[in-house]
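I have placed the structure first, in the form of C-alpha cells, so that the comments after it can refer back to it.
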Amino acid sequence: IFFEFLPVCVEKAFVYRNLSGKDLENTIFLAEDQAYIREELKKRSLVAFVNDGAILPRESGISSKPMKGSVTFSSPESLRVTMALPHKGKITGMGITKGITVIVGGKSTLLNALELGVYNHIQGDGREYVITDSTAQKLRSEDGRFVKDVDISLFINDLPNKKDTTCFSTEDASGSTSQAANVIEAMEAGTKAFLIDEDTSATNFM
C-alpha cells in the first residue's frame, strides 16, 4: 500500500502535469461559486439555497450518482431568489429563510440534499449549488442510544422514578428522550439549523 498503491494515487491526483488544466480550473471556479453562495446565505438571512435545475434524487439507496431521467428541481415563486455568482453568473433557486419551514411532498429527498449541502459537491453530482448553513444538522430519534449529563428539561420533566432531566443520563434512551438529547447537544455544538424528518422522529416528542 505505502510503496506501490499510494505513490500512484498521489502522482495522479496531485501532480499538475497529470491533470487536465481546464478541469482543474472548473473545479476551482465551482468551489469559489459555492463559497460565494455560503456568504450570501448569511447576508440574506437564509439557511439554505437549492438551485433551479438541481437533480436531487439519487440513482439508488447505495449510490451517490444522480438519478437519470429524474425531474429537476424548480423553486416556488414565493421563495425564489437570484444570485450573481463570480463565475457561473446569474442563478435562480429556492432560498429557505431563517425560521420554521414545513416541507410536504418529496420531503425526504429534499431533506437529504439539504443535509449534505453542508459539503461542497463536485461537478456532475446534480447538487452542485445546493448549499446549506455549514452548522446545520439532521436530527432524529435514536432508540437505545447512550446519553450522558444532558439537560433535556426544556422538553421533558416528569420521568418515572423522579429522574432528574436537568442532568439526564441513560444507557438506553427512548425515542423521545434521545431526540430531546440530540436537540440540546446540537445546540451546544453551535448548530443554527435543524433538519427534522417526521419519518425518523419520535411521534410523542414532535
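Can you say whether V102 is among the aliphatic types (A, V, I, L, M) and in a strand (DSSP E or B), as far as the supplied structure shows?
On the way: among the aliphatic types (A, V, I, L, M): yes; in a strand (DSSP E or B): no.
Answer is no for this residue.
Kindly evaluate T165 against the criterion of being assigned to a loop (DSSP other than H, G, I, E, B), in contact (Cβ under 8 Å) with a residue 12 or more places away in the chain, hydroxyl-bearing (S, T, Y) and farther than 24 Å from I103 by Cβ.
Details: assigned to a loop (DSSP other than H, G, I, E, B): yes; in contact (Cβ under 8 Å) with a residue 12 or more places away in the chain: yes; hydroxyl-bearing (S, T, Y): yes; farther than 24 Å from I103 by Cβ: yes.
In short, yes.
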*Write out, first by first residue and then by second, each pair whose Cβ atoms fall under 9 Å of each other, whose residues are 6+ apart or on separate chains, and whose first residue, in the stretch 42-56, is free of Cβ contacts under 8 Å to residues at least 60 places away in the same chain and exposed (fewer than 15 other Cβ atoms within 10 Å of the Cβ) while the second is in a loop (DSSP other than H, G, I, E, B) and of a type in the set (K, R).*
S45/K98
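State yes or no: is L85 at pLDDT below 95, more than 30 Å from D172 (Cα to Cα) and crowded, with 16+ Cβ neighbours inside 10 Å? Steps first, answer last, please.
Numbers: at pLDDT below 95: no; more than 30 Å from D172 (Cα to Cα): yes; crowded, with 16+ Cβ neighbours inside 10 Å: yes.
No, not satisfied.
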*asked:* So in the stretch 96-140, with the set limited to residues that are at positive phi and touching a strand residue (DSSP E or B) at 6+ places or on another chain (Cβ under 9 Å), which one is surrounded by the fewest Cβ atoms within 10 Å (Cβ to Cβ)?
replied: G99
*asked:* Being under 29 Å from M83 (Cβ atoms) and either open to solvent by 80 Å² or more (accessible area, probe 1.4 Å) or in contact (Cβ under 8 Å) with a residue 12 or more places away in the chain (or both) is the filter here; which residues of the stretch 1-27 pass it?
replied: K22, D23, N26, T27
*Which ones in the stretch 24-55 are assigned to a helix (DSSP H, G or I) and more than 30 Å from F14 (Cβ to Cβ)?*
E40, L41, K42, K43
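The values are calculated or read from the model by the stated rules, or taken from the named source; none is laboratory data. Remember, predicted model here, so these are calculated numbers, not experimental data. For neighbour counting, all protein chains shown are included, and Cβ atoms are generated from backbone atoms with ideal geometry for every residue, glycine included. Side chains are part of the model used for accessible areas, which takes the heavy atoms of the whole protein and leaves out ligands, DNA and RNA. Shrake-Rupley method; radii C 1.70, N 1.55, O 1.52, S 1.80 Å.
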